[in-house]
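**Student:** For reference, the structure I am asking about is given below.
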Amino acid sequence: MKHYLESTESVLKEVESSASGLTAEEAAKRLEKVGQNKLDEPPKPTLLARFIEQFKNPMIIVLIVAAVISAITGIISEGKLDADVFIIMFVVIANAVLGVYQENKAESAIEALQAMSAAQSKVYRSGEMIVIPSSELVPGDVIALEAGDNVPADCRIIEAAALKAEESALTGESVPSEKDSDILTGEEVPLGDRKNMLYMGSSIAYGRAEAVVVATGMETEMGKIAGAIANADDDETPLQKSLDQLSKILSIAVLVICVIILGINVLQMLVKEGVITLPGFLSSFMIAVSLAVAAIPEGLAAVVTVVLSIGVTNMSKRGAIIRRLTAVEALGCAQVICSDKTGTLTQNKMTVVRENTEDKELLARAMALCCDAVLNSDDTVAGEPTEAALVAYAHKCGLKKYELEAATPRVAEAPFDSMRKMMSTVHRTDNGYIQYTKGAPDEVLKNCTHMFKEGGVRIMTESDRLEILRRNKEMADQALRVLLAAYREYDELPSDTSPEGLEHDLIYIGMTGMIDPVRPEVKDAIGLCRTAGIRPVMITGDHRDTAVAIAKELGILGEGQQALTGAELSKIPDDEFNAHVEDYSVYARVQPEHKVRIVNAWRKKGMTTAMTGDGVNDAPSIKSADIGVGMGITGTDVTKNVADMVLTDDNFATIVGAVEEGRRIYDNIRKAIQFLLSSNLSEVLCILAATFFIGEGRSIFSPVHLLWINLISDCFPAIALGMEPAEQGIMSRKPRSSNSHIFSDGLGINLLWQGAVIAVLTLVSYFIGAQTSPEAGTTMAFITLCVCEMLHAWDMRSLKGSVFTMKSRNIVLIGAIALSALLTIPVLFIPSLRTMFSLEALTGANYLWAFLAGACIVPIVEIVKCFQRAADKK
């Protein structure tokens, strides 16, 4: 059926529905029959495919080659496979299993977040408006749409008011298309000209509509071209990209060094023996492989991914859904938070507490009819909080909205937009038509020429205007949100129902004052912002006096800081505003384009800026900010889609909590990086020392030893470091610069000297043991390096503070270190395992020395950190 060529009645009949929608039972039956309203997703790789993917890493390939060469050597020389072959392959397979597990864990976390931020739709079920996940829509559902909503399925419009839809994703047309419910004529109408249809993938740019769903999922127009659409977002964070780059640089450098080391060993063999023997060459090759294994931090990228995925899951539990991983890093260095007032700094529980009018019933009627909130049959109110408060106010006055609408149905409207700051509706009455207009007092009052006074209508004088503005200011000074209502009567329906055609020569009715209490937790959050070096800025469409009163109560408006209105901002040139943006903490009566100017001014100062928003017109400013924050409750779909983070509770305190979590995640990643790279550096130094000081084609460690240390002693503790609780005082320090490198603030220097210390301790153990035998030296060095790295992980709980004064505990890290120790002990004391690792039994004194040498890392690092803290204080 070509729904655009049929009347709404025919379409409703064809989909077996009505204007009041489906019943819940019928919708459930259809959902079971047609399936969820989702596009088919590309098939996920199987577990086997993911497992095989792990072996494409160049370093893993080198290890497999080493195992093959070791196997050939064993068969040629001894007629059997060497134990190294089994150990290397075990470690390679274990690493692949761990990689698959980490990928699945990260993917599960992302899928859980996507489910939490899934799109929802307003739908009529049995005549009642409810909100359901868009995936549960079925053909025949009647949905309500307004500016900012994404169209969740293909629909035929039943009713529209000043409707415009953004359809560029389907038609390529950049200008929003005007829509209505009229029948089209012709045989075949191009998709872009189907004025009475709305399609999945488009969004509502202006106005409102009710429409019946005619196609869902893969049956939609979007579904027909779904093969060309890729929804996956695999963007890496700047941190991940820099670490990937680091790994590539390390890989190239190590391969070059490996070739050089191999060449040196071969030359030593030629000088000593005069010939290159196969066993000698293979021994030298295994040393080069050992160096490669030692130098490449194979688990680094995986650790960072796991820490990020765990972090975003923790954020979601605190009410902040991260939609882009880049936001996690940006949150850690946030310096300015520009926040809306209503619902974010306040509770968004609007209640009318004052009115100023000559006719209370007329005011309540105007406010209730000139809004889109609805009163359900059970007397509950659904809709935007401010409008819901007006419907509740009318109900309290004895006026039920559904009865008012039945008596005076809406026939036309000029929807609200943030430029006009008002909306108008036209209703049919027994005597003709009446228009109600409500909005910001100073804006609506400009369009009033008369006023309702003492039971009649008279011309409004200048003194009347001043008195109305005085009363508006009086209410605004008490932090009330004030709306003004006016009306106009017609004998016939106006031919021009545009804002320009309706909103003039109005008759003033009165004003309502609503209170939206400040969120109790926000004041503490603002104080925490100040302590953390973060500048809070309030941006609101409310009157200046209301904004200033709340800003002072919350502590946003500090000494010497000013409030600025949108009109005043428009008069300030960009250069002048950019130079003085730090002087302003409150912006009132702003337009959407003002928000973009405010964000850009802060960013030009080099400040990492977060911006909140909910309306469709807020999308540009949210996109301009370093951290775009969408509102989960009041936010439109368009705004949420461009946001980096969505607040499930629309609460400013949640943003501050997310900043703290962002700092914790970044801190922990730095700890894991310092731990892993210093460990790898120590192994490299040991291998190099063996090449130059031991020679004879021998090394302190074989690839087996290093693989064991990297997998068991390093990987588990590194992941556990990512779960370290936030350090005390994390929100008492200034934000880091967005230009700061991961190795800044001493991390690069620290990992160099710590790696050198671990290498020295390990080499000392080796040379003590080597006095007995080379195998004893390797065993002692192995014990010392394992102990060093396990205890070094404990030291890395704080990069600068003493671990002995920390009040928090990391049970996961304790468990990871204990697990590493339990897995390593059998290798040292079970003869068969000891033989496989080419280790030997030691005397009690040597065991003790090897352990104590490894334990020395703790006091050494703690003493150096003590001196570093003293230097920082100076």
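**Student:** Going through K605, K595 one at a time, which residue ends up being out of contact with any Gly (no Cβ under 6 Å at 6 or more places or on another chain) and surrounded by fewer than 18 Cβ atoms within 10 Å (Cβ to Cβ)?
**Tutor:** Result of the check over K605, K595: K605.
**Student:** Being in contact with a Pro (Cβ under 9 Å, 6 or more places away or on another chain) and farther than 26 Å from P499 by Cβ is the filter; apply it to region 193-217 and report the residue that is modelled with the lowest pLDDT.
**Tutor:** M200
**Student:** Test each condition in (1) at pLDDT 90 or above; (2) crowded, with 19+ Cβ neighbours inside 10 Å for P385 and report the one that comes out false.
**Tutor:** Tallying (1) at pLDDT 90 or above; (2) crowded, with 19+ Cβ neighbours inside 10 Å, P385 fails exactly one: (1).
**Student:** Sticking with this one: Are any residues in region 374-395 free of Cβ contacts under 8 Å to residues at least 24 places away in the same chain and either among the basic types (K, R) or in a loop (DSSP other than H, G, I, E, B) (or both), and if so, which ones?
**Tutor:** Passing the criteria: D378, D379, T380, G383.
**Student:** Would you confirm whether any residue within region 170-192 is modelled with pLDDT of 85 or more, within 27 Å of the chain's Cα centre (by Cα) and part of a loop (DSSP other than H, G, I, E, B)?
**Tutor:** Within region 170-192, none of the residues are modelled with pLDDT of 85 or more, within 27 Å of the chain's Cα centre (by Cα) and part of a loop (DSSP other than H, G, I, E, B).
**Student:** Among the residues of region 638-663, what is the count of those that are within 17 Å of G343 (Cα to Cα) and either more than 16 Å from the chain's Cα centre (by Cα) or open to solvent by 20 Å² or more (accessible area, probe 1.4 Å) (or both)?
**Tutor:** Selection size over region 638-663: 4.
**Student:** Still on this model: Does region 736-744 include one or more residues that are under 30 Å from R663 (Cα atoms) and among the hydrophobic types (A, V, I, L, M, F, W, C)? Spell out how you get there, then give the answer.
**Tutor:** Kept after step one, since they are under 30 Å from R663 (Cα atoms), are these residues of region 736-744: 736-744.
Pick out the ones that are also among the hydrophobic types (A, V, I, L, M, F, W, C) and you get 742-743.
Yes, the conditions are met somewhere in region 736-744.
**Student:** So which residues in region 481-533 are modelled with pLDDT under 95 and among the basic types (K, R)?
**Tutor:** R481, R519, K523, R530
**Student:** Collect the residues in region 294-330 that are buried (at least 21 other Cβ atoms within 10 Å of the Cβ), under 11 Å from the mean Cα position of the chain (by Cα) and modelled with pLDDT under 75, keeping them in residue-number order.
**Tutor:** Passing the criteria: only L325.
**Student:** Taking the options M419, M451, M423, name whichever one is open to solvent by less than 20 Å² (accessible area, probe 1.4 Å) and either part of a loop (DSSP other than H, G, I, E, B) or over 30 Å from G148 (Cα atoms) (or both).
**Tutor:** Answer to the check: M451.
**Student:** Looking at (1) open to solvent by less than 10 Å² (accessible area, probe 1.4 Å); (2) aliphatic (A, V, I, L, M); (3) in contact (Cβ under 8 Å) with a residue 40 or more places away in the chain; (4) over 27 Å from R208 (Cα atoms), find the lone condition where L681 falls short.
**Tutor:** Condition not satisfied by L681: (1).
**Student:** Still on this structure, please answer the following. Can you tell me how many residues in region 454-477 are within 30 Å of G343 (Cα to Cα), in contact (Cβ under 8 Å) with a residue 24 or more places away in the chain and surrounded by 15 or more Cβ atoms within 10 Å (Cβ to Cβ)?
**Tutor:** 6
**Student:** Here's a follow-up. May I ask you to say which residue of L763, L785, L823 is within 43 Å of the chain's Cα centre (by Cα), open to solvent by 10 Å² or more (accessible area, probe 1.4 Å) and touching a residue at least 60 places away in the same chain (Cβ under 8 Å)?
**Tutor:** Working: L763 fails: within 43 Å of the chain's Cα centre (by Cα); L785 fails: open to solvent by 10 Å² or more (accessible area, probe 1.4 Å).
Of the residues listed, the single one that is within 43 Å of the chain's Cα centre (by Cα), open to solvent by 10 Å² or more (accessible area, probe 1.4 Å) and touching a residue at least 60 places away in the same chain (Cβ under 8 Å) is L823.
**Student:** Among F51, F55, which is the only one that is within 32 Å of the chain's Cα centre (by Cα), aromatic (F, W, Y) and at pLDDT 85 or above?
**Tutor:** Details: F55 fails: at pLDDT 85 or above.
When all the criteria are applied, what remains is F51.
**Student:** While we're here: Collect the residues in region 664-675 that are touching a Pro at 6+ places or on another chain (Cβ under 9 Å) and open to solvent by 10 Å² or more (accessible area, probe 1.4 Å), keeping them in residue-number order.
**Tutor:** R664
**Student:** Of the residues in region 207-224, how many are in a helix (DSSP H, G or I) and among the aliphatic types (A, V, I, L, M)?
**Tutor:** Residues of region 207-224 in a helix (DSSP H, G or I): 217-219, 221-224.
Subsequent filtering for residues that are among the aliphatic types (A, V, I, L, M) retains 218, 222.
Result for region 207-224: 2.
**Student:** Right, another one. Hey, could you check region 857-874 for residues that are closer than 18 Å to Q674 by Cα and open to solvent by less than 60 Å² (accessible area, probe 1.4 Å) and say which is modelled with the lowest pLDDT?
**Tutor:** Out of the qualifying residues, it is Q868.
**Student:** May I pose another question? Answer yes or no: is there a residue in region 736-757 that is over 23 Å from V328 (Cα atoms) and not in a helix (DSSP H, G or I).
**Tutor:** Step one: filter region 736-757 for residues over 23 Å from V328 (Cα atoms), giving 749-757.
Okay, now just the ones that are also not in a helix (DSSP H, G or I), so none.
Checked against the condition, which is being over 23 Å from V328 (Cα atoms) and not in a helix (DSSP H, G or I), region 736-757 yields no hits at all.
**Student:** Would you be able to say whether some residue in region 355-369 is out of contact with any His (no Cβ under 7 Å at 6 or more places or on another chain) and either on the phi > 0 side of the Ramachandran plot or aromatic (F, W, Y) (or both)? Quick ask: steps written out before the conclusion?
**Tutor:** Step one: list which residues in region 355-369 are out of contact with any His (no Cβ under 7 Å at 6 or more places or on another chain), which gives 355-368.
Next cut, either on the phi > 0 side of the Ramachandran plot or aromatic (F, W, Y) (or both) only: none.
Among the residues of region 355-369, not one is out of contact with any His (no Cβ under 7 Å at 6 or more places or on another chain) and either on the phi > 0 side of the Ramachandran plot or aromatic (F, W, Y) (or both), which makes the answer no.
The values are calculated or read from the model by the stated rules, or taken from the named source; none is laboratory data. Because the structure is a prediction, the values reported are computed rather than measured. FYI the Cβ positions are ideal-geometry reconstructions off the backbone, even for glycines, and counts take in every protein chain you see. Surface areas here come from the heavy atoms of the whole protein model, side chains and all, with no ligands, DNA or RNA. Shrake-Rupley method; radii C 1.70, N 1.55, O 1.52, S 1.80 Å.
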